[in-house]
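Enquirer: My questions will all concern the structure given below.
The values are calculated or read from the model by the stated rules, or taken from the named source; none is laboratory data. Please read all numbers here as calculations on a predicted model, not as lab measurements. Positions of Cβ are generated from backbone atoms using ideal geometry, with glycine treated the same way; all protein chains shown enter the neighbour counts. These area figures cover heavy atoms from the full protein model, side chains too; ligands, DNA and RNA do not enter into them. Shrake-Rupley method; radii C 1.70, N 1.55, O 1.52, S 1.80 Å.
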Amino acid sequence: MQKKVLDFMEECHMVEKGEKILAAVSGGADSVCLLSVLLALQEELGILLCAVHVEHGIRGEDSEKDALFVENLCKRHGIPCKIYHCQAASYAREHKMTLEEGARYLRYHFFEQAAKEFGAGKVAVAHNQNDCAETVLFHLVRGAGLKGMCGILPVRGKVIRPLLCAGRDEIESYLALKGQGFCQDKTNAELDYTRNKLRHQVFPVLGEVNGQAVAHISQAAALAAQAMELVGDATKTAEKKYVSKTGRGLFMLSGILEEKAIVQKSLAHKLLAGLSGSSRDISGLHVQQLLGLFGKQAGKRLDFPYGVSAERVYGGVLLELKAAAPKIQKGAGAAEDRAKGQDGEVWELPVGGDLEISQYGYAIRTKILENNFQFEEIPKKMYTKWLDYDKIKGTMQLRTRREKDYFVISQDGRRKKLKKYFIDEKIPRQERGKTLLLVDRDHIVWAIGHRISEDVKVTKDTRRILEIQVYGGAVYE
């Protein structure tokens, strides 16, 4: 058993020499085996060992006895141990969780706290092959995709699982050989919990079909995890290629349909979960509905969990949070000079200073360049512009669109209305009213993220340049 665990830990690069490892010990067979094996391998791995136990306040006297058992076990072996007590049932009720969810949250919260106090770099938990196989089956019957088929990963952040290479029978045999006792949790035999039904009713039948059923499912989970890693890499590449940020959401280009179906689904799920702040209620049906929007006419909308909405627009799908945008607050640097106009708020742009517009997530910096730019190339970035300062008329302001807004589109003074420009450029309707415009006394100087007016462009005759740099918001350069 020890050699098997050692090889597995080295294969998964779980620990480094000199590292302190916090073992999570409940007192059950799995965690006692984990502590025993890590103690035996401590010198060979070059690690320091400490332990933590969380008493959830669920099983009364039995729960207190388990905590005492762990405390005494650690004392016998000279292992520093932290014991935490909590009330998982009341916590779960207060936070509208199931008892299992509440207990798990508190457990990992205390693991993290103990790791900080001990200075431990990793937390070792005692999941085994059976736990992994049960998790895979549990996810499959609930309709999981590839991610759910990955089961339990050997390493996830600071959490390591050295016993994932061993089955429950091996663990109990190891403890029997060592003459090491452990605590029995009576609730593990109750069939009120789904996992216990799988453990006591389903897996015995699978074992009759094939004695290696648990190991085979666990091996399949490892392969699924490798495949998931490849899909994850492809999804990141697709996200860079097809997704851009908007004011309160994301815009996904129709080109995503050129990718493999699994990448499309993975990206759609990632975007929904990212905007939602949770993937818990994002199902395969939601992913299918989102991708189905690409086949609909512009204007078709769908609502998803957590206040996310999606709309088919020119060139793709726009995803947004329906919550109202945050109110503007004073930013750092120059004051936000703004006045209330009939069509919304207006910010005065300082020349040679900074302006923060927190509603858009923008920080704007301006400076004047004089007589030192003749050998420099004019920036071609969407969010850095050079304007001929002497051709700007009056005070410059930032605001959203108004009815008669226009650009000058040629040197001879020809004009184009902003509305026509938006239509020609296929700017999504929802984005038109949110696009921030830099205007002078007469007209639009620059639609941020888009074009500038022809009559303020820098030429060989320009004497003073106004350089404007915009940071944050939808800026990706």
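Enquirer: Subtracting the Cα-Cα distance from 0.36 nm times the residue separation, let me have the gained length for residue 261 to residue 240 in nm, one decimal. Provide the component values of the computation, followed by the final result.
Expert: On the way: separation 21, 0.36 × 21 = 7.56 nm, distance 1.73 nm.
Separation in residues times 0.36 nm, less the Cα-Cα distance, equals 5.8 nm.
Enquirer: Would you work out which of 136, 205, 436 lies farthest towards the positive end of the dipole of the chain, given +1 charges on the beta-carbon of Lys and Arg and -1 on that of Asp and Glu, about the Cα centre?
Expert: The Cα lying farthest towards the positive end belongs to 436.
Enquirer: Exposed loop sites here are chymotrypsin sites (Phe, Trp or Tyr not before Pro) in DSSP loop states with at most 12 other C-beta atoms within 10 Å. What is the longest stretch of the chain lacking them? Intermediate values should be presented prior to the final figure.
Expert: On the way: sites that count: 375, 476.
Longest site-free region, per DSSP loop and neighbour criteria: 1-374.
Enquirer: Contact order normalised by length for region 260-324, with contacts defined as Cα pairs under 8 Å and 6 or more residues apart; what percent is it?
Expert: Here the relative contact order equals 25 percent.
Enquirer: Let me ask something additional. With +1 on each Lys and Arg Cβ and -1 on each Asp and Glu Cβ, and nothing else charged, work out how big the dipole of the chain is about its Cα centre, in Debye to the nearest 20.
Expert: Computed charge dipole of the chain: roughly 2080 debye.
Enquirer: Same structure again: Based on the Kirkwood radius over alpha-carbon pairs, what value in µm²/s does the Stokes-Einstein equation return for the translational diffusion coefficient of region 12-88 at 25 °C and 0.890 mPa s?
Expert: Diffusion coefficient, whole number: 188 µm²/s.
Enquirer: Under the definition of Cα pairs under 8 Å and six or more residues apart, what whole-number percent is the relative contact order of region 1-140?
Expert: Across region 1-140, relative contact order equals 29 percent.
Enquirer: In Å², what does the accessible area per residue of the chain work out to with a 1.4 Å probe?
Expert: Details: 25920 Å² over 477 residues.
Each residue of the chain exposes 54 Å² on average to a 1.4 Å probe.
Enquirer: Here is a further query. Compute the length gained on full extension between residue 61 and residue 423: take 0.36 nm times their separation in residues and subtract their Cα-Cα distance, giving the result in nm to one decimal.
Expert: Length difference between fully extended and current span is 123.2 nm.
Enquirer: Taking all protein chains as present, what is the carbon and sulfur share of the accessible area of the chain, in % to the nearest whole number, probe 1.4 Å?
Expert: Carbon with sulfur: 50 percent of the solvent-accessible area.
Enquirer: Need the full-extension length gain, residue 43 to residue 226, defined as separation in residues times 0.36 nm minus the C-alpha distance. One decimal, nm.
Expert: Fully extending the segment from residue 43 to residue 226 adds 62.8 nm.
Enquirer: Per DSSP H run of at least 4 residues, take -39500 (n - 2.57); add these up for the chain, divide by its residues and hand me the 222 nm value, nearest 500 deg cm²/dmol.
Expert: Computed ellipticity for the chain at 222 nm equals -11500 deg cm²/dmol.
Enquirer: Largest first and in whole Å, give the semi-axes of the chain's equivalent ellipsoid, each being the square root of 5 times a Cα gyration tensor eigenvalue.
Expert: 59, 26, 21
Enquirer: Charges at C-beta only: +1 for Lys and Arg, -1 for Asp and Glu. How large is the resulting dipole of region 80-167 about its Cα centre, in Debye rounded to 20?
Expert: I would put it at about 200 debye.
Enquirer: For region 228-285, with only Lys/Arg (+1) and Asp/Glu (-1) charged at the beta-carbon, what is the dipole magnitude about the Cα centre, in debye rounded to 20?
Expert: My answer is approximately 200 debye.
Enquirer: Which lysines, if any, have their Cα less than 26 Å from the Cα of residue 240, not counting same-chain residues under 8 positions apart?
Expert: Within the straight-line cut-off, residue 240 pairs with 147, 260, 265, 270, 296, 300, 322, 380, 381, 385, 426, 434.
Enquirer: For the chain, what does the relative contact order come out to in percent, with C-alpha contacts under 8 Å and a separation of six or more?
Expert: 10
Enquirer: Using only Cα atoms, figure out Rg for region 119-168 and give it as a multiple of 2.2 N^0.38 Å.
Expert: The value comes to 1.23.
Enquirer: Here is a follow-up. Using a Cα-Cα cut-off of under 23 Å, which lysines could be cross-linked to residue 122, ignoring same-chain neighbours fewer than 8 residues away?
Expert: Residue 122 reaches 3, 4, 17, 20, 75, 82, 158.
Enquirer: For region 1-157, max minus min Cα coordinate along each principal axis, in Å, sorted largest first?
Expert: 44, 39, 25
Enquirer: Give me the distance in nm between label points sitting 7 Å out from Cα along the Cα-to-Cβ direction at residue 390 and residue 410, one decimal.
Expert: Distance between label points: 2.6 nm.
Enquirer: Between 0 and 90 degrees, rounded to the nearest ten: what's the tilt of helix 213-242 against the longest Cα principal axis of the chain?
Expert: Helix 213-242 and the main axis of the chain meet at about 10 degrees.
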